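Visitor: Pasting a structure here, questions to come.
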Amino acid sequence: MQTLQSYVDGRWVGRDAGKALLSAVNGQVVAVTHGEALDFGAVVAHARGVGLSALLALDFQQRAACLKALAKYLMARKEELYVVSAHTGATRADGWVDIEGGIGTLFAYASIGSNEFPSGNVVHEGPALPLGKAGHFSGSHILVPRRGLALHINAFNFPVWGLLEKFAPSFLAGMPCVIKPATSTSYLSEALVRMMMDSGLLPAGSLQLVIGATGDLLDRLDGQDMVTFTGSATTAHLLRAHAGVIRNAVPFNAEADSLNCAILGPDVEPGSEEFSLFVKEVVREMTAKAGQKCTAIRRALVPRRHLDAVAQALRERLSKVTVGDPAVEGVRMGALASHEQRVDVAANVQALMRDAEVVFGERDGFAPRGEGVDKGAFFAPTLLLCRDAQRATAPHEIEAFGPVSTLMAYDDLDQALDLAARGRGSLVATLVTHDPQVAASVIPIAAAWHGRLLVLDREAAAESTGHGSPLPMLKHGGPGRAGGGEELGGARAVKHFLQRAAIQGSPTMLAAITGEYVRGAAVHEPVLHPFRYHFEDLRIGMSLLTHRRTVTEADIVAFGGVSGDYFYMHFDEIAARASTFGKRIAHGYFVLSAAAGLFVSPAEGPVLANYGLDTLRFVNPVGIGDTIRARLTCKRKVDRQKTDAKGVGQGVVVWEVQVTNQDDELVASYDILTLVAKKA
Ligand code: NDP
């Protein structure tokens, strides 16, 4: 019998048998937890000492590269995880969400890290704002790695995804992670962490795993640490109110129970595409992962006149769901993750029946398939019907964390919104409608109560990722009862783990701190044109002030001819005189092109490509006879550790361009994005 081990203080710990963990499918023992207590003082010291310094020896770009390599490594070994996942009662499709969804999240954060974070360990949240009239004093914001650890406490339902979706952004942010999976499915999390450690890709101390209880770990946290939690609202309350967490203002993020809803729009008629989309989505959310998803649809709200039609359609579809051992051919829904869960779900269904009747349940042919399933933790898909949803309380308060959903009727959209809000804050809601007016009236109001909103119709359906799937680039987490937390959401997720500080000083100081040129900071004009330097030799603040050029009417006429842009402001003397500027002016894009002509160094060199332009503003008009010049300054360098097809290394260089007129007034400003070669 396998004894699960914790990975703490740089080694695997645990020999004595602790608690037996049973297969959800047939009740046999899968593994036992270890019985030894852990030294959490050593865990914390290892994270803050070894882990932190190893992580901060790397920068955002290097940590992103590390995540990518890890994702590739895990993907190549995913089948080993599917084998273990089967014990949790998960079907292949359920396992896909957990395992490949989790590894996909690693890939996503690798690319978010590489595309949206700098080299180095300071994120500049600019632009800097001038705070004085003469430009000697400015303010801005930076985000830096916290000097502590991230404790991630996970629920039992997603032992892989849950672990990786928290690990990826915190690792990228440079925080050593201590992960505590839910005990009942910790054998799968342990298998994953073993794989992660075996990869040899993770810096020492960046990841520790705690099997079993957290002992006095929370007492040891301070304000540089963070806690993220997924699980029941009760545990969330308990941990959030932990004296040490409160005393030390330890940031605490919770994803808790959620009574998510799906609303069938008043425009949808039985027989329409949207009607069947609604039915499919509700059944899918009831049965995927046997309904053990924090995002599952717990309440299905439909117009009263369609209540019977929807109930009938759901019954028909549910009757086709085969339940049993996921290894058996044709099984579509597996077991609950543990026997305790089955007891819990059954009790909650009983409580829900205070206000609802069963429309589909155990009596409708429930017979799990497979050997030994009588000892498994199977539960029948159960659809309840609540006729008086406004008066009822149970369906708006009780979450049966299994294949259970309650159907209820609404009389008008205001009532539907009112019922949705009775969940007191949820992770997600779906509105099924084909009417944009319905979407526009419902979503902005429902958004105050929900973390994510899906509008489903025939057009979106073909590519919809579904009601229940949080995505790495979109925010996950809802207000109120859902925990009030926020995870994922692209770069935001990483920023949650960083500390933000406002900084004030001269532009030169801000540039030195942020590693980014700030307008007004000292510049340095090198011997060569800045475009002649390789990536390694370019310095932030290297700058070129160009020669001048007087804009003529011929320029405007020629540019109009080339571009086909004969806008009155450039070509109609009478209309232009009546305009705000009182005269004909040059095209903004001419100014842009003329500036390029002024600053470009045309000969072949290390600048490989210009791939875009950001933050363009035309600040003042350029009239006939005005004389312009440009200042080109190296603003930001990002080493994405990339090479081209020939193996030549390259980095991203952002240049600030300021175009001024004869009176030194700014007429245009923007950033240009280039790729610059490294030395061979
Ligand atoms: P719990 O809240 O009991 O547990 C969640 C996590 O917290 C587990 O890792 C658990 O560890 C840990 N934990 C519990 N007590 C403490 C403590 N005192 N100190 C530190 N860690 C602690 O939720 P479960 O996973 O057992 O599920 C129970 C219910 O939670 C479900 O029935 C469902 O209603 C809801 N749930 C909500 C989810 C969501 O995402 N919103 C996801 C999963 C469940 P251990 O397992 O060792 O007790």
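Visitor: Could you grab me the full set of residues in segment 232-253 that are near the ligand (Cβ under 10 Å from one of its atoms) and either within 11 Å of L218 (Cβ to Cβ) or touching a His at 6+ places or on another chain (Cβ under 9 Å) (or both)?
Guide: Within segment 232-253, L238, L239, H242 meet the criteria.
Visitor: If I ask for residues that are within 16 Å of the ligand (Cβ to nearest atom) and open to solvent by less than 10 Å² (accessible area, probe 1.4 Å), which ones from segment 158-170 would you list?
Guide: P159, V160, G162, L163, L164, E165, K166, F167, listed by residue number.
Visitor: While we're on this one: Would you be able to tell me the number of residues in segment 189-200 that are among the small types (G, A, S) and assigned to a helix (DSSP H, G or I)?
Guide: 2
Visitor: For segment 312-362, give me each residue that is among the basic types (K, R) and either assigned to a loop (DSSP other than H, G, I, E, B) or more than 17 Å from L384 (Cβ to Cβ) (or both).
Guide: Those that are among the basic types (K, R) and either assigned to a loop (DSSP other than H, G, I, E, B) or more than 17 Å from L384 (Cβ to Cβ) (or both): K320, R332, R342, R354.
Visitor: I need the helices (runs of 4 or more DSSP H) fully contained in segment 479-580, keeping only those with at least 1 residues that are more than 21 Å from A594 (Cα to Cα) and open to solvent by less than 60 Å² (accessible area, probe 1.4 Å).
Guide: Result: 491-496, 507-514, 573-578.
Visitor: Within segment 1-17, restricting attention to residues that are over 31 Å from the mean Cα position of the chain (by Cα) and under 26 Å from E371 (Cβ atoms), which residue is modelled with the highest pLDDT?
Guide: Applying the filter and picking the extreme gives Q2.
Visitor: Consider R387 against the criteria (1) more than 30 Å from E329 (Cβ to Cβ); (2) modelled with pLDDT of 95 or more: it satisfies all of them except one. Which criterion is unmet?
Guide: So R387 meets the others, but not (2).
Visitor: Which of the residues that make up segment 33-54 are at pLDDT 95 or above, surrounded by fewer than 19 Cβ atoms within 10 Å (Cβ to Cβ) and of a type in the set (A, V, I, L, M)?
Guide: Those that are at pLDDT 95 or above, surrounded by fewer than 19 Cβ atoms within 10 Å (Cβ to Cβ) and of a type in the set (A, V, I, L, M): A42, A45, V50, A54.
Visitor: Let me ask another. With respect to E463, determine if the residue is more than 16 Å from the ligand (Cβ to nearest atom) and either under 30 Å from G132 (Cβ atoms) or assigned to a loop (DSSP other than H, G, I, E, B) (or both).
Guide: Answer is yes for this residue.
Visitor: Which condition breaks for R458 when tested against (1) of a type in the set (D, E, K, R); (2) crowded, with 16+ Cβ neighbours inside 10 Å; (3) out of contact with any Lys or Arg (no Cβ under 9 Å at 6 or more places or on another chain)?
Guide: (2) is the only condition that R458 fails.
Visitor: A follow-up question, please. Since T185 meets every condition but one in (1) away from the ligand (no atom under 13 Å from the Cβ); (2) buried (at least 20 other Cβ atoms within 10 Å of the Cβ), which condition does it not meet?
Guide: Among (1) away from the ligand (no atom under 13 Å from the Cβ); (2) buried (at least 20 other Cβ atoms within 10 Å of the Cβ), T185 violates only (1).
Visitor: If you don't mind, there's one more thing I want to ask. Show the residue pairs that are 6+ apart or on different chains and have beta-carbon atoms under 6 Å apart, the first residue being within segment 321-345 and farther than 12 Å from G370 by Cβ and of a type in the set (V, I, T), the second being open to solvent by 30 Å² or more (accessible area, probe 1.4 Å) and more than 16 Å from the ligand (Cβ to nearest atom).
Guide: Final answer for the pair search is V321/R332.
Visitor: Here's another thing I want to ask about it. Applying the selection to segment 131-156, what residues are more than 19 Å from the chain's Cα centre (by Cα), surrounded by 16 or more Cβ atoms within 10 Å (Cβ to Cβ) and not in a strand (DSSP E or B)?
Guide: Listed by number, the residues that qualify are F137, R146, G148, L149, F156.
Visitor: Follow-up question, since we're still on this one. Does any residue in segment 431-448 that is under 16 Å from L277 (Cβ atoms) come within less than 9 Å, Cβ to Cβ, of a residue that is in a helix (DSSP H, G or I) and of a type in the set (V, I, T) six or more places away or on a different chain, and which pairs are these?
Guide: L431/V438; L431/V442; L431/I443; T433/V442
Visitor: State all residues of segment 374-392 that are surrounded by fewer than 21 Cβ atoms within 10 Å (Cβ to Cβ) and farther than 19 Å from R315 by Cα; if no residue qualifies, say none.
Guide: Once the filter is applied, which keeps residues that are surrounded by fewer than 21 Cβ atoms within 10 Å (Cβ to Cβ) and farther than 19 Å from R315 by Cα, segment 374-392 yields D374, K375, D388, Q390, R391, A392.
Visitor: Suppose we keep only residues that are outside any strand (DSSP E or B), more than 33 Å from the chain's Cα centre (by Cα) and of a type in the set (A, V, I, L, M, F, W, C) within segment 381-395. Which one would you say is farthest from D414 (Cα to Cα)?
Guide: Once the filter is applied, the top-ranked residue is A392.
Visitor: Within segment 499-523, can you find the residues that are free of Cβ contacts under 8 Å to residues at least 40 places away in the same chain, more than 20 Å from V638 (Cβ to Cβ) and not polar (S, T, N, Q)?
Guide: M509, A522
Listed here are the residues, each with its yes/no results for (1) within 11 Å of the ligand (Cβ to nearest atom); (2) of a type in the set (V, I, T); (3) at negative phi.
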| position | (1), (2), (3) |
| --- | --- |
| I153 | yes, yes, yes |
| A204 | no, no, yes |
| L217 | yes, no, yes |
| Q224 | no, no, yes |
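Visitor: Show the residue pairs that are 6+ apart or on different chains and have beta-carbon atoms under 7 Å apart, the first residue being within segment 58-73 and open to solvent by 40 Å² or more (accessible area, probe 1.4 Å), the second being modelled with pLDDT under 95.
Guide: Cβ pairs passing all conditions: A65/Q641.
Visitor: Going by the conditions given, is S23 touching a strand residue (DSSP E or B) at 6+ places or on another chain (Cβ under 8 Å) and crowded, with 20+ Cβ neighbours inside 10 Å?
Guide: yes
Visitor: Now a separate question. Keeping to segment 1-17, report how many residues are basic (K, R) and in a loop (DSSP other than H, G, I, E, B).
Guide: 1
Visitor: Given A20, A90, which one is at pLDDT below 95 and outside any strand (DSSP E or B)?
Guide: None of the other options fit; the residue is A90.
This table checks each residue for (1) touching a His at 6+ places or on another chain (Cβ under 9 Å); (2) more than 22 Å from L164 (Cβ to Cβ).
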{"site": "T3", "(1), (2)": "yes, yes"}
{"site": "D9", "(1), (2)": "yes, yes"}
{"site": "V29", "(1), (2)": "no, yes"}
{"site": "A37", "(1), (2)": "no, yes"}
{"site": "R48", "(1), (2)": "no, yes"}
{"site": "S53", "(1), (2)": "no, yes"}
{"site": "L67", "(1), (2)": "no, no"}
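Visitor: Sort out which residues of segment 604-643 are assigned to a loop (DSSP other than H, G, I, E, B), open to solvent by 60 Å² or more (accessible area, probe 1.4 Å) and touching a residue at least 60 places away in the same chain (Cβ under 8 Å), and write them in order of number.
Guide: I624
The values are calculated or read from the model by the stated rules, or taken from the named source; none is laboratory data. The structure displayed is predicted, hence computed values, not measured ones. Every residue, glycine as well, gets a Cβ built from its backbone with ideal geometry; the counts of neighbours run over all protein chains shown. Please note that ligands, DNA and RNA were not included when accessible areas were found on the heavy atoms of the full protein model with its side chains. Shrake-Rupley method; radii C 1.70, N 1.55, O 1.52, S 1.80 Å.
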